[in-house]
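Notes follow once the structure below has been shown.
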Amino acid sequence: MMMREPPAAVVIPPQLPAPAPLLSRRGWTAFLAALVCVCAVAPLMHLAVPQGSMFHLSDYAVALIGKIMCYAICALAMDLIWGYTGILSLGHGLFFALGGYAMGMYLMRQIGRDGQYHADLPDFMVFLDWKALPWHWTFSGSFGATLLLVVAVPAIVAFVFGFFAFRSRIKGVYFSIITQALTYAAMLLFFRNETGFGGNNGFTDFKRILGISIQTREARTVLFVLTGVTLLAFFLLGRWLVTSKFGRVLQAIRDAESRVMFSGYNPVPFKLAIWTLSAVMCGVAGALYVPQVGIINPGEMSPANSIEIAIWAAVGGRATLLGPIVGAFVVNGAKSWLTVAAPEIWLYFLGALFIAVTLFLPDGIVGLAKKLLGRKRP
């Protein structure tokens, strides 16, 4: 009599959680509202509403909001590497300045013979008795090449630095100190006149972009819209990244990098990818910043500026994407007001704000808002 074999056990494969939506319905509503404000409402208030009206958006307000939106892009980049990956950089001001200098070189070439010395070379080169453009100015006359350099230069610098740092497993406070040293060394290099970047004065007195006067209200409005759209696009990109498998690995690296390695993942490519992307975001922000503010100099590379980027992310709320944008607007809005009303207390206010957030609001402004809304719900 033959024995029957027991039926094979049915193996049920594990069910992975469904991917989170890019934005909720309320989130898409808020996003579209912000897009309409940037692309339609603000330009109309600036160009169509009479200056005497309370609804008029002044030239100063357009320039200020445009500048803060550039800062918000940097804060968003900081959130991707610090909030979601656990890498605190104190040198992202370098990538911001590199993008700004790439755009500034193009804008200096656009001045042409309208400069003070009416020469083909930029005024500072004529003053230093230079006879020709240095080699690194070769492609500065092309707008297309400039856009490529705005992305490529920060990306290459970040990739090379990050490759050796992450491969050597440098992290924590040691990584933060090295990034701060990197941006400080670059600042000292750009201060030197012989490097061909304008020394401590940098680049200024811009007149045209793509042959169009940069001083007109219409040109400033277009730059404002481009900055706002870029900020919203980077927000969507960041949201897509952090809700994907790539983003879940980044958060696992932040929480327990050793366990990620034991699970078969190599953290280096993930850290290097998000590090390079954040540098590119800062470079794009710098390129948008320069034509709106009208100047770029080595001071943008100062370690203090890089520390402020981290403060914006902390004040708004890390690992939220929206928080750093809010933090950039809150801190820089307060800075613009206090530096006029009470300039002597601005730095004390900034230090006290950072200490207060660290002690009492570890999740930042957005985290506090979520807690308050959660308590109000039944």
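With (1) farther than 21 Å from Asn305 by Cβ; (2) modelled with pLDDT of 95 or more; (3) crowded, with 17+ Cβ neighbours inside 10 Å as the list, and Ser140 as the residue in question, which single condition is left unmet?
Every listed condition holds for Ser140 apart from (2).
I'm trying to understand the selection: among the residues of the stretch 85-129, which are of a type in the set (S, T, N, Q), surrounded by 23 or more Cβ atoms within 10 Å (Cβ to Cβ) and in contact with a Leu (Cβ under 9 Å, 6 or more places away or on another chain)? First the steps, then the outcome.
Keep residues of the stretch 85-129 that are of a type in the set (S, T, N, Q), which gives 85, 89, 110, 116.
Filter again for surrounded by 23 or more Cβ atoms within 10 Å (Cβ to Cβ), leaving 85, 89.
Residue satisfying the conditions is Thr85 alone.
Would it be correct to say that Val229 is part of a helix (DSSP H, G or I), closer than 30 Å to Lys131 by Cβ and in contact (Cβ under 8 Å) with a residue 24 or more places away in the chain?
Answer is no for this residue.
Could you grab the pairs with beta carbons closer than 9 Å, sequence gap of 6+ or different chains, first residue in the stretch 187-198 and farther than 12 Å from Trp137 by Cα, second one of a type in the set (D, E, K, R) and open to solvent by less than 80 Å² (accessible area, probe 1.4 Å)?
Going by the 9 Å Cβ cut-off, the qualifying pairs are Met187/Glu300.
Which condition breaks for Ala304 when tested against (1) at negative phi; (2) buried (at least 23 other Cβ atoms within 10 Å of the Cβ)?
If we test Ala304 against (1) at negative phi; (2) buried (at least 23 other Cβ atoms within 10 Å of the Cβ), just (2) comes out false.
Out of all the residues in the stretch 43-60, which are aliphatic (A, V, I, L, M), in contact (Cβ under 8 Å) with a residue 12 or more places away in the chain and under 18 Å from Val229 (Cα atoms)?
Met45
Name the residue, out of Val330, Val315, Val366, that is among the β-branched types (Val, Ile, Thr), assigned to a helix (DSSP H, G or I) and open to solvent by 40 Å² or more (accessible area, probe 1.4 Å).
Within the list Val330, Val315, Val366, the selection yields Val330.
From the list Ala279, Ala287, Ala304, Ala273, pick out the single residue that is over 13 Å from the mean Cα position of the chain (by Cα) and at pLDDT 95 or above.
So the residue among Ala279, Ala287, Ala304, Ala273 that is over 13 Å from the mean Cα position of the chain (by Cα) and at pLDDT 95 or above is Ala273.
Before we move on, is Thr216 open to solvent by 30 Å² or more (accessible area, probe 1.4 Å) and out of contact with any helix residue (DSSP H, G or I) (no Cβ under 9 Å at 6 or more places or on another chain)?
yes
Consider only pairs whose beta carbons are under 8 Å apart and that are at least six residues apart or on different chains; among these, list those whose first residue lies in the stretch 123-141 and is within 20 Å of Arg208 (Cβ to Cβ) and whose second residue is open to solvent by 90 Å² or more (accessible area, probe 1.4 Å) and of a type in the set (Phe, Trp, Tyr).
Asp123/Tyr117; Val126/Tyr117
So which of Val268, Val260, Val222 is closer than 30 Å to Leu44 by Cβ, out of contact with any Leu (no Cβ under 6 Å at 6 or more places or on another chain) and part of a helix (DSSP H, G or I)? Full working, then the answer.
Details: Val268 fails: closer than 30 Å to Leu44 by Cβ; Val260 fails: closer than 30 Å to Leu44 by Cβ.
Val222 is the lone residue from the list that is closer than 30 Å to Leu44 by Cβ, out of contact with any Leu (no Cβ under 6 Å at 6 or more places or on another chain) and part of a helix (DSSP H, G or I).
Inside the stretch 202-213, can you point out the residues that are open to solvent by less than 60 Å² (accessible area, probe 1.4 Å) and not in a loop (DSSP other than H, G, I, E, B)? If you could, list the steps in order and put the result at the bottom.
Narrowing the stretch 202-213 to residues open to solvent by less than 60 Å² (accessible area, probe 1.4 Å): 202-203, 206-207, 209, 211, 213.
Of everything in the stretch 202-213, those that are open to solvent by less than 60 Å² (accessible area, probe 1.4 Å) and not in a loop (DSSP other than H, G, I, E, B) turn out to be Phe203, Ile209, Ser213.
Output the qualifying pairs, or none if there are none: Cβ atoms under 6 angstrom, residues six or more apart or on different chains, first residue in the stretch 236-259 and within 15 Å of Ala77 (Cβ to Cβ), second residue among the hydroxyl-bearing types (Ser, Thr, Tyr) and open to solvent by less than 40 Å² (accessible area, probe 1.4 Å).
Close Cβ pairs (under 6 Å, with a partner that is among the hydroxyl-bearing types (Ser, Thr, Tyr) and open to solvent by less than 40 Å² (accessible area, probe 1.4 Å)) amount to Val242/Tyr84; Leu250/Tyr84; Leu250/Thr85.
Restricting to the stretch 46-76, and then to whatever is open to solvent by less than 20 Å² (accessible area, probe 1.4 Å) and touching a Leu at 6+ places or on another chain (Cβ under 8 Å), can you tell me which residue is farthest from Thr276 (Cα to Cα)?
His46
The values are calculated or read from the model by the stated rules, or taken from the named source; none is laboratory data. On a predicted model such as this, the values are computed, not experimentally measured, just so you know. Glycine also receives a Cβ, built like all others from the backbone with ideal geometry; neighbour counts cover every protein chain displayed. The protein model used for the area step is the full one, side chains on, heavy atoms only, and it has no ligands, DNA or RNA in it. Shrake-Rupley method; radii C 1.70, N 1.55, O 1.52, S 1.80 Å.
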